[in-house]
Amino acid sequence: MKSTVALRAGIAALALVAGKLPVCAETVLRVAYQKDISTFDPDNAFPLYGIDALHVIYQGLVQYQPGTTELTGWLAERWSVSEDGLTYRFRLHDNVRFHDGRALTASDVLAYFRRRKRPDLALSYFLNGVADMKAPDARTFVIRLTAPDPAFLDRLASAWGPKVVGPGALVDHAGSDHAETWLNEHEDGTGPYRITQINRGQRYVLSRNEDYWGKRPYFDRIQIEIVPQMAQQMLMLNKGDLDLIQNGYPFEQLRHLPSGLRLLVYDDLGLEMAYVNRSKRLRDPTLRRAVLTALNPAGWLDDAFFGFATPAHSLYPKAMIAAREPVDFPSDLAAARAIVAAAPPVTLEIGYGDQERAVQQRAAELLASALERIGIHATLRSYPLDQALLFAEDLQRAPDLYLAQNYPDAAHPATQTGVFFSSTAPLNFFGYKNPHIDQLIDAADRVSDRAERDRRYLVISQQLFADTAFIPLADIRDVIVYRQGLTGLDPRPALPWVVDYESIRRE
Amino acid sequence: MFIAKRLISLVGILIAMTFIVFSLQQIIPADPVRAIVGMNAPRATAEARRKELGLDQPLPQRYGRYLSRLAVGDLGVSTRTHRPVAVDLAHFLPASAELMLAAFAVGITLALAAALPNAAGHGGNAVATGIIAASSAPIFLVAQVFALILWYWLGWFPGGGRLGPDTPPPDGPTGLFVLDGLLNGHPSTSIEALYHLAIPALTLALPVAAALGRALTSSMTGVLRQTYVRTARAKGLSEFAVVRRHVLRNAAPVPVAMVGLQFQQMFMNILIVEGLFAWPGVGSYLVQAFAASDLPAILGVSIAFGGCYLVLAALIDVLQALLDPRIEAR
């Protein structure tokens, strides 16, 4: 008994001397990432963790409005597009300053965009269609494209789109690598926060930019902790050591949140799809139709996502194109069973992505169970995304179906077709090629009128589904869990897992 | 001569290890280029980057280039953090080193506490029973139970990280926060660092304590039966003096040899424990490097830990030779 008392007293004394856990100030927002931030260079990495930080350190010309995929000005006060669709003219705000105090000019924007276009930078491809850029005066920046691209503004507003870096980096610290090294650990943006502490692998602190040109944000500091385990993040949130969890809170636990926690549920651009390998067992269209009958998401969706997903309406997420009706899956299970029974015994391999692996595995297990009901045995295997990219090299060794939730670059449907469905799309995992579909995509990519554009893209979706090359399954909703009292989280569908630190506040 | 031989074999083993890791990366179907340019980048962009990094060249050529750079201490640049791997290691290794040192210190203390009463014939004790029980469970489970009880419920210790958010990391020179706090005149930083070390170090220490405790108990039991121990007692030495002067020294070679094995085991365990306690060490770094197919980082960590292990193994050989001159003679 005595030793227990002594132990507790010792620990209490230690805690007192060490300051124990700090009592966080009202105006510090504490968040956590499961993975470390790779770099603060907005042009040289494709991160999922850190987009929210980059979004308040740097700013681009245009951005998406909160809760929508509508575009609005950011550093650009307004813009115009020439009639031929080739020239974009941006008028910049006139009171913007970089974090080092220098005023933003169109020349700075030009210098930055020239850097972004350097082919040795990872994200230069966002400006692939740019022919020429100029800054005719201090407030005007002009971009000329090689061909009309109605998706161009969306590419600029993308989570990974260009965000202007100032001369404090590109001139003063350019070094021999155009500031690549310097920008790993520093920044010179125009946003409402600046980096004030980098402790790799553990913690990053963003502090309010008191000279910010826009509305003053509420929080003095944003404290980002690197906490790899979701279980620990959940305990920290319950205990009050975190203010919110932006993604990854297990769906199955969302219905029983501890008191004091709140949910914000919103649609993003992640669409759950099954990619079909039509070169192996599923080369027979009749068998593919039987498989479609079994995969009908109406039968398993709630079990997989606990009510946080809805049946897909097309091969585009609802936040991108709002098709009226869910995809029409065949529903005659008896007919499907008869098809399978008439064929030689079928065993399929279902591969699934390793991002949000637990969710994907659960969905794959439910699909396997659904296939079992029509007499098809299925085996399961997880494939990291970069392994899935090699499927097309040897289709006979690839799985028969690949289940994944992937994100396009932006909210324009051209970024969905360009990434997943065209013959040259990088995430066209099984190398589906259809010249007719490519022609339809090329034609749709040139249409500016939104209604007509969406109509054309939906025709493409229907044809791809009819070919059973890609199966749209579900729009999985994103969930932010936060402590009661926060408001103004303002997520945007096109920015995965991003809470807007500029607008968030305590009630 | 003995040490020189060990050093030469150490270099050979390290080179062989780089070859194995390099070849494994070639076999594993993962694409580091996609980790850099993103999955959505056009194929042409990815291929251009692959060429720029020299990843389109044959394996022997790439390996040769890697070795030539390694010879001058260049471990390459991490494709994930965009920093030289050597810089990353200098940042992350001290955190792991501090955690492992603390774990070894706790583990050895617990092992002694468990072994001494047992060997002295006082039978089993609560410490030994507790250690064996706790180390029988998987380490991730032990870690979570400790975190749940000592951090979440009781609030006695922090649940993760090396320092609290309001304490700036000390400015070197070692990267071991407990030591650096003292060297920089900030004892409160050292205490806070110790406070953060408590749960992860205890978790890592249990398997060490169990293994060393058993080895020491068994070894001491044998030594205690030796005639020179009986002679020492007959001379009138106190039991403490007998154990300290005659028993521990002669019983030490077996547990000392086991320290090398425990280091290897502990390296595997920190991959789990660092993640569970948000400890910014080389284990967490390696796990993220694997997820991003970051070959330079994986190789760098392998070389660093392989080197540490081999140096430790050599030190243990030397220590054993000092403890028992017959080993060197052999």
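The values are calculated or read from the model by the stated rules, or taken from the named source; none is laboratory data. For clarity, every value in this text was computed on a predicted model and none was experimentally measured. Positions of Cβ are backbone-derived with ideal geometry, glycine not excepted, and every protein chain shown enters the neighbour counts.
For the stretch A:205-228, taking the residues that are touching a helix residue (DSSP H, G or I) at 6+ places or on another chain (Cβ under 7 Å) and more than 7 Å from chain B (Cβ to nearest Cβ), the one that is farthest from B:Gly159 (Cα to Cα) is identified as A:Leu206. Residues in the stretch A:85-112 that are assigned to a strand (DSSP E or B) and aliphatic (A, V, I, L, M): A:Leu92, A:Ala103.
Taken over the stretch B:53-80, the residue count meeting the criterion of being assigned to a helix (DSSP H, G or I) and not hydrophobic (A, V, I, L, M, F, W, C) is 9. Within the stretch A:87-103, is there a residue that is within 14 Å of chain B (Cβ to nearest Cβ) and either closer than 29 Å to B:Arg50 by Cα or without any contact (Cβ under 8 Å) to a residue 24 or more places away in the chain (or both)? Within the stretch A:87-103 (the criterion being within 14 Å of chain B (Cβ to nearest Cβ) and either closer than 29 Å to B:Arg50 by Cα or without any contact (Cβ under 8 Å) to a residue 24 or more places away in the chain (or both)), the answer is no, since none of the residues qualifies. Taking only the stretch B:55-79 into account, find how many residues are polar (S, T, N, Q), closer than 16 Å to B:Val21 by Cα and surrounded by fewer than 16 Cβ atoms within 10 Å (Cβ to Cβ). Going through the stretch B:55-79 one residue at a time, the tally reaches 1.
Within the stretch A:119-163, which residues are assigned to a loop (DSSP other than H, G, I, E, B) and within 13 Å of A:Pro42 (Cβ to Cβ)? Step through it out loud before you land on a result.
To start, the set of residues in the stretch A:119-163 that are assigned to a loop (DSSP other than H, G, I, E, B) comprises A:119-123, A:128-129, A:138-139, A:146-151, A:158-163.
Answer for the stretch A:119-163, where residues must be assigned to a loop (DSSP other than H, G, I, E, B) and within 13 Å of A:Pro42 (Cβ to Cβ): A:Leu121, A:Ala122, A:Leu123, A:Ser158, A:Ala159, A:Trp160, A:Gly161, A:Pro162, A:Lys163.
All told, A:Arg255 falls short of being closer than 30 Å to A:Gly485 by Cα, surrounded by fewer than 18 Cβ atoms within 10 Å (Cβ to Cβ), of a type in the set (Lys, Arg) and in contact with a strand residue (DSSP E or B) (Cβ under 6 Å, 6 or more places away or on another chain).
One residue stands out among those in the stretch A:398-427 that are farther than 17 Å from A:Pro317 by Cβ and more than 10 Å from every other protein chain (Cβ to nearest Cβ): the one that is surrounded by the most Cβ atoms within 10 Å (Cβ to Cβ), which is A:Asp400. Look at (1) touching a helix residue (DSSP H, G or I) at 6+ places or on another chain (Cβ under 6 Å); (2) aliphatic (A, V, I, L, M); (3) within 14 Å of another protein chain (Cβ to nearest Cβ) and you find that B:Ala278 fails only one, number (1). Scanning the stretch A:468-487 for residues that are part of a loop (DSSP other than H, G, I, E, B) and free of Cβ contacts under 8 Å to residues at least 60 places away in the same chain gives a single hit, A:Gly485. Criterion first (outside any helix (DSSP H, G or I), surrounded by 13 or more Cβ atoms within 10 Å (Cβ to Cβ) and modelled with pLDDT of 95 or more) does A:Tyr432 satisfy it? Considered against the rule, which asks whether it is outside any helix (DSSP H, G or I), surrounded by 13 or more Cβ atoms within 10 Å (Cβ to Cβ) and modelled with pLDDT of 95 or more, A:Tyr432 comes out as yes. Here the condition is being assigned to a helix (DSSP H, G or I), of a type in the set (S, T, N, Q), crowded, with 21+ Cβ neighbours inside 10 Å and within 11 Å of chain A (Cβ to nearest Cβ); of B:Thr189, B:Thr203, it holds for B:Thr189 alone.
Among the residues of the stretch A:336-352, those identified as surrounded by 15 or more Cβ atoms within 10 Å (Cβ to Cβ) and modelled with pLDDT of 90 or more are A:Ala336, A:Arg337, A:Ile339, A:Val340, A:Leu348, A:Glu349, A:Ile350, A:Gly351, A:Tyr352. Looking at the stretch A:229-254, which of its residues are facing chain B (nearest Cβ under 9 Å) and either in contact with a Ser or Thr (Cβ under 6 Å, 6 or more places away or on another chain) or farther than 20 Å from A:Tyr49 by Cα (or both)? A:Leu235, A:Asn238, A:Lys239, listed by residue number.
Against the test of being surrounded by fewer than 21 Cβ atoms within 10 Å (Cβ to Cβ), at the interface with chain A (Cβ under 9 Å from one of its Cβ atoms), of a type outside the set (Lys, Arg) and part of a loop (DSSP other than H, G, I, E, B), the options B:Asp166, B:Asp171 yield a single qualifying residue, B:Asp166. Screening B:Leu93 with (1) in contact (Cβ under 8 Å) with a residue 24 or more places away in the chain; (2) among the hydrophobic types (A, V, I, L, M, F, W, C); (3) over 26 Å from B:Met266 (Cα atoms); (4) within 12 Å of another protein chain (Cβ to nearest Cβ) gives one miss only, at (3).
Among the residues of the stretch A:214-237, is there at least one that is surrounded by fewer than 21 Cβ atoms within 10 Å (Cβ to Cβ), among the aromatic types (Phe, Trp, Tyr) and at pLDDT 95 or above? Scanning the stretch A:214-237 turns up at least one residue that is surrounded by fewer than 21 Cβ atoms within 10 Å (Cβ to Cβ), among the aromatic types (Phe, Trp, Tyr) and at pLDDT 95 or above.
Take the stretch A:488-507 and flag every residue that is in a loop (DSSP other than H, G, I, E, B) and charged (D, E, K, R). Scanning the stretch A:488-507 gives A:Asp490, A:Arg492, A:Asp500, A:Glu502, A:Glu507. So B:Ile132 passes all but one of these: (1) buried (at least 18 other Cβ atoms within 10 Å of the Cβ); (2) of a type in the set (Val, Ile, Thr); (3) more than 13 Å from chain A (Cβ to nearest Cβ). Which condition number does it fail? In the conditions (1) buried (at least 18 other Cβ atoms within 10 Å of the Cβ); (2) of a type in the set (Val, Ile, Thr); (3) more than 13 Å from chain A (Cβ to nearest Cβ), B:Ile132 misses (1) alone.
Say we look at the stretch B:1-52 and pick out the residues that are in a loop (DSSP other than H, G, I, E, B), out of contact with any helix residue (DSSP H, G or I) (no Cβ under 7 Å at 6 or more places or on another chain) and within 14 Å of chain A (Cβ to nearest Cβ); which of these is nearest to A:Ala411 (Cα to Cα)? Lay out the reasoning, then the answer.
Of the stretch B:1-52, the ones in a loop (DSSP other than H, G, I, E, B) are B:1, B:28-31, B:38-42.
From what is left, the residues that are out of contact with any helix residue (DSSP H, G or I) (no Cβ under 7 Å at 6 or more places or on another chain) are B:1, B:28, B:38.
In the following step, the residues that additionally are within 14 Å of chain A (Cβ to nearest Cβ) were identified as B:28, B:38.
Details: B:Ile28: 34, B:Gly38: 17 Å.
Per the stated criteria, the residue is B:Gly38.
Residues considered: A:Gly240, A:Gly307. Of these, the only one that is under 30 Å from B:Gly159 (Cβ atoms) and surrounded by fewer than 20 Cβ atoms within 10 Å (Cβ to Cβ) is A:Gly240.
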